[in-house]
Amino acid sequence: MSHKIALNFEDGVTRFIDASAGETVADAAYRQGINIPLDCRDGACGTCKCFAEAGRYDMGQDYIEDALSEEEAEQGYVLTCQMRAESDCVVRVPASSDVCKTQQASFEASISEVRQLSDSTIALSIKGESLSKLAFLPGQYVNLKVPGSEQTRAYSFSSLQKDGEVSFLIRNVPGGLMSSFLTSLAKAGDSMTLAGPLGSFYLRDIRRPLLLLAGGTGLAPFTAMLEKIAEQGSEHPLHLIYGVTHDFDLVEMDKLEAFATRIPNFTYSACVSSPASSYPQKGYVTHHIEPKHLNEGDVDVYLCGPPPMVESVNQFIREQGIQPANFYYEKFAASAA
């Protein structure tokens with residue numbers, strides 16, 4: 001039996017390896033050509049110290065406290081030369097992918113569907129045999145090359161990979177390079193190239209209630225996360241607040257309703273900031289965060305939206321005098337060209 005290990009490097013690149021039963025993470029990485037920091041292999045020097053963000057593992061007793069203290073071990077730090085996975089794991093490596101002699105993977109695929117969900121949002125699905133080998137953590141993104149150019153755009157996955165197909169939610173930017181291609185030229189079968197996965201914004205092990213805050217097409221990583229949660233379940237409550245500017249920006253509401261049916265502990269709400277809106281709930285996401293959603297600080301907050309939204313949520317939480325257990329966020333800004 002083998003387990004999949006996600007190695008997250010400090011430059012944002014993620015690579016996945018398979019670790020066989022009883023094999024150390026360091027040995028599995030080197031076997032697959034990834035040279036994570038390593039020196040003694042005996043648990044004595046601490047060179048291979050990393051942080052395990054998710055998963056079950058065994059560290060054994062064959063290492064010394066100078067290399068890894070008891071306090072560090074309790075916090076989740078590991079020595080990869082001693083760590084043996086007992087489930088799929090996520091390990092944060094304090095080095096760049098370049099230093100570790102690896103790089104982001106590149107994949108070729110073709111467009112399977114382009115749908116204009118609204119004036120402001122495009123849904124893109126791509127499929128290819130190579131994508132069946134694509135692994136990523138829900139919430140991460142890839143760099144998608146704009147056909148006919150050498151430029152790329154970063155987009156979060158809005159779905160998990162299934163049968164070699166993945167999807168994205170893309171903001172329709174008037175005159176934008178990718179937007180212009182998708183709205184005017186794209187057709188099923190067109191080739192596309194993507195590189196990744198990338199990013200430190202992804203779903204961690206669920207150990208407490210979650211508050212998910214999405215702004216506009218920042219909804220994309222959350223639909224991928226919710227797909228994963230629907231598969232694995234959660235004993236903790238999850239609440240998503242989805243904020244947009246105009247009524248027509250609200251998309252995928254049927255998908256959120258379906259998740260509310262599939263995930264017993266999941267609830268959601270949406271709001272529109274435009275004064276001209278006819279939607280029942282108006283204002284910004286901060287207007288709809290209730291004390292129960294912050295759970296007196298025993299909550300993990302995930303936020304994906306434009307920089308002003310990230311700053312306003314940060315300020316709002318500080319004003320409540322609450323410090324969340326964890327606050328993960330992804331800022332994005334649409335390219336104007």
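The values are calculated or read from the model by the stated rules, or taken from the named source; none is laboratory data. A quick note: this is a predicted structure, and the numbers were derived from the prediction, not measured. Because the Cβ atoms are built from the backbone with ideal geometry, glycine has one as well, and the counts that use them run over all protein chains shown. To get the accessible areas, we keep the full protein, side chains included, count just its heavy atoms, and leave off ligands, DNA and RNA. Shrake-Rupley method; radii C 1.70, N 1.55, O 1.52, S 1.80 Å.
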Please indicate, with yes or no, whether at least one residue in region 50-69 is under 24 Å from PRO197 (Cα atoms), part of a loop (DSSP other than H, G, I, E, B), touching a helix residue (DSSP H, G or I) at 6+ places or on another chain (Cβ under 9 Å) and at pLDDT 95 or above. no
The one condition PHE51 fails out of (1) without any contact (Cβ under 8 Å) to a residue 40 or more places away in the chain; (2) surrounded by fewer than 17 Cβ atoms within 10 Å (Cβ to Cβ) is (1)
Scanning for something closer than 24 Å to GLY215 by Cβ and modelled with pLDDT under 95, does region 130-137 turn up at least one residue? yes
List the pairs whose first member sits in region 272-297 and is without any contact (Cβ under 8 Å) to a residue 60 or more places away in the chain and open to solvent by less than 90 Å² (accessible area, probe 1.4 Å), whose second member is part of a helix (DSSP H, G or I) and not hydrophobic (A, V, I, L, M, F, W, C), and whose Cβ atoms are under 8 Å apart, counting only residues at least 6 apart or on separate chains? VAL272/ASP247; VAL272/ASP249; SER274/ASP247; SER277/ASP247; TYR279/ASP247; GLN281/HIS288; THR286/SER312
What tally of residues in region 121-153 results from selecting those that are open to solvent by 50 Å² or more (accessible area, probe 1.4 Å), touching a helix residue (DSSP H, G or I) at 6+ places or on another chain (Cβ under 9 Å) and not in a strand (DSSP E or B)? 2
Among the residues of region 206-230 satisfying the criterion of being open to solvent by 10 Å² or more (accessible area, probe 1.4 Å) and among the β-branched types (Val, Ile, Thr), which is farthest from PHE248 (Cα to Cα)? ILE206
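Do the conditions hold for ASP42, that is, is it over 30 Å from THR193 (Cα atoms), open to solvent by 10 Å² or more (accessible area, probe 1.4 Å) and assigned to a loop (DSSP other than H, G, I, E, B)?
yes
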Among the numbered criteria (1) open to solvent by 40 Å² or more (accessible area, probe 1.4 Å); (2) in a loop (DSSP other than H, G, I, E, B), which one does SER118 miss? (1)
